[in-house]
């Protein structure tokens with residue numbers, strides 16, 4: 001009886017150690033699924049910061065980098081110089097999604113820091129971003145012919161670009 | 001029997017209170033989600049209690065103050081109004097954010113419901129039979 | 001570039017204590033009791049000096065210390081500068097170690113019996129040694145920056161609250177006291193359980209139980225008033241991790257009652273081991289980064305591996321002692337239908353609740369590691385499964401109190417009613433109402449029992465038992481009451497509005513600006529039913545820039561009114577959540593009654 005119980009204990013113990021060392025060694029999965037592999041949601045009457053209606057086809061032609069930003073977002077300011085650099089180099093179009101922002105503050109922000117975007121979608125209520133699966137700012141999507149191939153939550157910089165985005169070019 | 005007790009339960013009283021509240025609205029103030037019926041409001045509460053805030057480390061959509069939670073709650077309200085069923089809304093949220101944000105009991109959570117139940121029954125039976133045997 | 005180097009004084013003190021504890025364990029092993037005792041005293045002095053040294057750096061805003069730079073700020077009020085000491089991982093672990101060394105010293109000065117204390121000193125000093133080794137290698141608070149920042153990164157705003165300043169140390173003390181209790185139980189398991197040893201264990205288990213209960217309760221109160229979600233328990237993984245040792249400890253304290261006859265001695269030792277290991281497991285899981293939670297510390301995989309190693313050593317060592325012990329497996333078995341048999345059933349129920357919490361906490365980690373799929377366990381899982389078990393538990397202990405009386409049949413039928421209703425609960429989902437009624441009936445029964453006992457003057461010995469069990473029943477009742485009736489509504493209001501909601505009259509008087517040394521914000525004033533003022537706030541912290549919402553609460557005996565200030569709309573109106581929560585004060589009151597009974601139960605033995 002005693003020996004049996006001890007063996008049961010040893011079995012549990014070994015399983016326990018194995019399980020937690022596995023859990024410590026494996027990289028953590030991201031909590032929410034990324035939007036990779038999905039098509040862009042279609043929404044009528046998107047407008048840019050000037051109030052002009054956006055042609056939906058401009059989002060789904062060729063390689064488009066969608067970047068969610070706002071003037072209240074501190075990390076967006078951090079990644080802004082990198083986006084400016086990117087807009088001059090690679091063969092891709094950068095389109096902003098101005099997320100839950102004040103129109104005049106957003107325009108000021110672009111005036112002060114430069115405008116790397118071909119245009120920015122003015123998403124005051126965050127409705128388009130919600131459909132897109134955005135949970136906050138900044139987030140960046142690489143879209144090829146209307147299909148999201150890469151989704152990044154958080155800051156984007158040279159290292160992230162080289163590690164995760166470069167393969168698509 | 002279940003229905004009988006539910007009928008005398010506090011639920012009816014709650015509806016009654018909420019109904020009064022709806023009638024007594026004054027100008028300039030409004031209930032958010034006021035265009036939902038009583039039944040739909042209950043569904044909204046159920047759904048937002050069982051969908052996790054995707055941006056927070058813990059807490060559901062109804063208890064979190066994060067902007068994204070408010071957006072999701074609003075969207076659920078819209079979806080309810082558009083005639084989506086609870087399951088369809090759960091499915092839609094799951095497709096967008098992943099399984100992680102569902103807090104309701106799904107099939108993938110069956111083991112943790114069954115294991116304690118089985119353990120309880122087996123241990124009570126084992127201890128009782130052993131005790132009876134020893135007592136004799 | 002900023003270089004990081006080690007601070008000499010702090011590290012010298014920590015290393016001194018580490019070597020000292022190793023030596024002390026060795027001396028105790030060699031039965032050199034007097035020497036070991038002096039060494040223990042010395043170690044606690046050294047560790048106290050080390051923490052005082054760190055606190056002084058906080059008070060002086062010495063940001064050349066990495067830990068101070070990360071967790072404090074010039075603008076922070078003095079008392080939060082002190083509590084910032086345990087505001088992050090390194091300091092809180094140091095605090096735990098200091099508490100452990102102090103309680104070992106304490107027991108060495110009060111317990112004069114050489115044989116008992118010697119054995120337990122060996123175990124306690126080994127634990128202390130391993131923990132200290134962890135601190136100096138993987139969790140060192142004494143690092144120095146060559147280019148100190150001008151200002152620190154501020155203490156997490158959630159922690160800038162008096163309740164949360166004392167909640168973590170209390171939980172840690174609970175863990176530490178259970179570790180000391182464990183050491184005494186181990187000394188019995190590797191030797192003999194004398195009568196004297198049992199009384200020592202009883203005192204320490206009461207102290208631990210009391211402290212952990214108080215710690216959890218304060219955490220719950222903090223969550224209710226500070227997190228502002230209107231809830232007091234969220235079944236958050238970190239909360240669960242502190243609840244698990246509490247449940248095991250509760251079972252342990254009960255198993256001690258029958259230790260005199262050595263019934264189920266092995267069970268008692270097993271529970272003590274489980275309680276201790278669960279508390280270590282708690283530290284492991286919170287600090288390794290395995291869990292995401294409001295409360296968890298910054299992730300560091302190296303720490304995780306180290307802590308897993310410590311946990312494995314403790315587990316293996318304690319179970320080897322358990323299985324090698326001669327005394328343990330010879331205990332008597334209770335008779336069918338006796339009080340001890342009911343206690344056994346009660347223990348099974350408690351263990352099942354423990355299993356439910358353990359599974360609910362670990363299952364998401366399990367699926368992530370094994371199936372690579374993320375999932376979440378909601379509060380519903382816990383409340384659905386635990387409610388019927390708790391009702392059954394209360395039913396059982398209510399029945400137990402009448403077992404000696406003549407009217408057995410009546411209470412037997414009452415018990416079967418309880419069992420029946422829990423069964424019914426499993427089949428009908430919306431039966432929370434029925435469990436509420438059951439809990440209410442049981443409360444009344446227990447109350448009359450207490451009343452009759454007071455009339456018959458048989459209270460002095462059983463008072464804590466009657467009162468304690470009544471307060472648990474009352475607590476269950478209040479929790480169910482809260483769960484059943486609480487309601488809340490989201491509204492959009494402007495200043496000057498008056499409206500009727502949830503059968504109450506709400507008046508939105510004004511919004512004003514508030515400023516403090518470490519935050520700016522707005523404060524709104526609402527008046528409910530023309531008598532209860534509520535002042536919810538929104539704050540922006542000056543240093544980190546975090547925005548927090550301060551819930552306004554107004555408590556009455558039966559129900560609480562809560563207002564959370566949401567976002568401001570463009571037209572100047574505000575989104576506001578108004579809630580009525582029932583039975584909150586009843587929950588706190590019954591919990592404090594439980595604490596009082598635990599306190600009296602522990603103290604009574606000393607009188």
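Taking residue A:32 as meeting all but one of (1) within 14 Å of chain B (Cβ to nearest Cβ); (2) assigned to a strand (DSSP E or B), write down the number of the exception.
(2)
Against the condition within 30 Å of residue B:35 (Cα to Cα) and touching a strand residue (DSSP E or B) at 6+ places or on another chain (Cβ under 6 Å), how does residue B:101 come out, does it pass?
Judged against the criteria, residue B:101 is a match.
Please verify whether the stretch C:177-184 includes one or more residues that are without any contact (Cβ under 8 Å) to a residue 60 or more places away in the chain and in a helix (DSSP H, G or I).
no
When you go through C:134, C:110 one by one, which is the residue that is out of contact with any strand residue (DSSP E or B) (no Cβ under 6 Å at 6 or more places or on another chain), closer than 20 Å to residue C:306 by Cβ and surrounded by fewer than 23 Cβ atoms within 10 Å (Cβ to Cβ)?
C:134
Inspect the stretch C:588-607 for any residue being in contact with a strand residue (DSSP E or B) (Cβ under 7 Å, 6 or more places away or on another chain) and either outside any strand (DSSP E or B) or on the phi < 0 side of the Ramachandran plot (or both) and give the result as yes or no.
There is no residue in the stretch C:588-607 that is in contact with a strand residue (DSSP E or B) (Cβ under 7 Å, 6 or more places away or on another chain) and either outside any strand (DSSP E or B) or on the phi < 0 side of the Ramachandran plot (or both).
Condition first: over 21 Å from residue C:287 (Cα atoms) and at the interface with chain C (Cβ under 7 Å from one of its Cβ atoms). Now tell me which residues in the stretch A:6-25 satisfy that.
Once the filter is applied, which keeps residues that are over 21 Å from residue C:287 (Cα atoms) and at the interface with chain C (Cβ under 7 Å from one of its Cβ atoms), the stretch A:6-25 yields A:6, A:9.
Can you tell me how many residues within the stretch C:478-502 are at pLDDT 85 or above, part of a loop (DSSP other than H, G, I, E, B) and within 7 Å of chain B (Cβ to nearest Cβ)?
2
Quickly run through the stretch C:325-340 and pick out the residues that are facing chain B (nearest Cβ under 7 Å) and crowded, with 19+ Cβ neighbours inside 10 Å.
C:334
For residue C:554, are the conditions met, namely being over 28 Å from residue C:582 (Cβ atoms) and surrounded by fewer than 20 Cβ atoms within 10 Å (Cβ to Cβ)?
When the stated conditions are applied, residue C:554 does not pass them.
Pick from C:242, C:220, C:205: which is at negative phi and more than 13 Å from the chain's Cα centre (by Cα)?
Within the list C:242, C:220, C:205, the selection yields C:205.
If a residue must be under 15 Å from residue C:24 (Cα atoms) and out of contact with any helix residue (DSSP H, G or I) (no Cβ under 7 Å at 6 or more places or on another chain), how many such residues does the stretch C:103-140 contain?
Total satisfying the criteria: 0.
So which strands (runs of 3 or more DSSP E) are wholly in the stretch C:526-577 and hold at least 1 residues that are modelled with pLDDT of 85 or more and not assigned by TED's automatic domain parsing to the domain that holds residue C:232?
In the stretch C:526-577, C:532-534, C:537-541, C:552-555, C:559-568 are the strands (runs of 3 or more DSSP E) which contain 1 or more residues that are modelled with pLDDT of 85 or more and not assigned by TED's automatic domain parsing to the domain that holds residue C:232.
If I filter the stretch A:86-96 for residues that are out of contact with any strand residue (DSSP E or B) (no Cβ under 6 Å at 6 or more places or on another chain), assigned to a helix (DSSP H, G or I) and within 28 Å of residue A:147 (Cβ to Cβ), do I get at least one hit?
Yes - at least one qualifying residue is present in the stretch A:86-96.
Do you know which of the residues in the stretch C:276-302 that are at pLDDT 80 or above and facing chain A (nearest Cβ under 10 Å) is surrounded by the most Cβ atoms within 10 Å (Cβ to Cβ)?
The residue in question is C:285.
Criterion first (assigned to a helix (DSSP H, G or I), crowded, with 18+ Cβ neighbours inside 10 Å and either at positive phi or assigned by TED's automatic domain parsing to the domain that holds residue C:6 (or both)) does residue C:120 satisfy it?
yes
I'd like to check which helices (runs of 4 or more DSSP H) are fully inside the stretch B:59-136 and have at least 3 residues that are more than 10 Å from chain C (Cβ to nearest Cβ), in contact (Cβ under 8 Å) with a residue 24 or more places away in the chain and surrounded by 13 or more Cβ atoms within 10 Å (Cβ to Cβ).
B:67-81, B:86-97
Taking the stated definitions as given, is residue A:105 assigned to a loop (DSSP other than H, G, I, E, B) and surrounded by fewer than 20 Cβ atoms within 10 Å (Cβ to Cβ)?
Judged against the criteria, residue A:105 is not a match.
So how many residues does the stretch C:356-373 have that are crowded, with 19+ Cβ neighbours inside 10 Å and facing chain B (nearest Cβ under 7 Å)?
The qualifying residues number 4.
Just checking, how many residues over the stretch C:563-587 are surrounded by 15 or more Cβ atoms within 10 Å (Cβ to Cβ) and out of contact with any strand residue (DSSP E or B) (no Cβ under 9 Å at 6 or more places or on another chain)?
2
Among the listed residues A:94, A:43, A:74, which satisfies the condition of being within 12 Å of another protein chain (Cβ to nearest Cβ) and either surrounded by fewer than 18 Cβ atoms within 10 Å (Cβ to Cβ) or farther than 30 Å from residue B:100 by Cα (or both)?
A:74
Find all pairs meeting these conditions: Cβ atoms under 7 angstrom apart; at least six residues apart or on different chains; first residue within the stretch C:564-580 and within 9 Å of chain B (Cβ to nearest Cβ); second residue modelled with pLDDT of 80 or more and part of a loop (DSSP other than H, G, I, E, B).
C:564/C:536; C:564/C:551; C:573/C:494
Residues being more than 9 Å from every other protein chain (Cβ to nearest Cβ) and not in a helix (DSSP H, G or I): count how many of those fall in the stretch B:36-50.
2
Which of (1) at negative phi; (2) surrounded by 12 or more Cβ atoms within 10 Å (Cβ to Cβ); (3) modelled with pLDDT under 85 does residue A:21 not meet, given it meets every other one?
The single condition residue A:21 does not satisfy is (3).
The values are calculated or read from the model by the stated rules, or taken from the named source; none is laboratory data. All values reported here derive from a predicted model rather than from experimental measurement. As a convention, Cβ positions derive from the backbone with ideal geometry for all residues, glycine included, and neighbour counts pool all protein chains shown.
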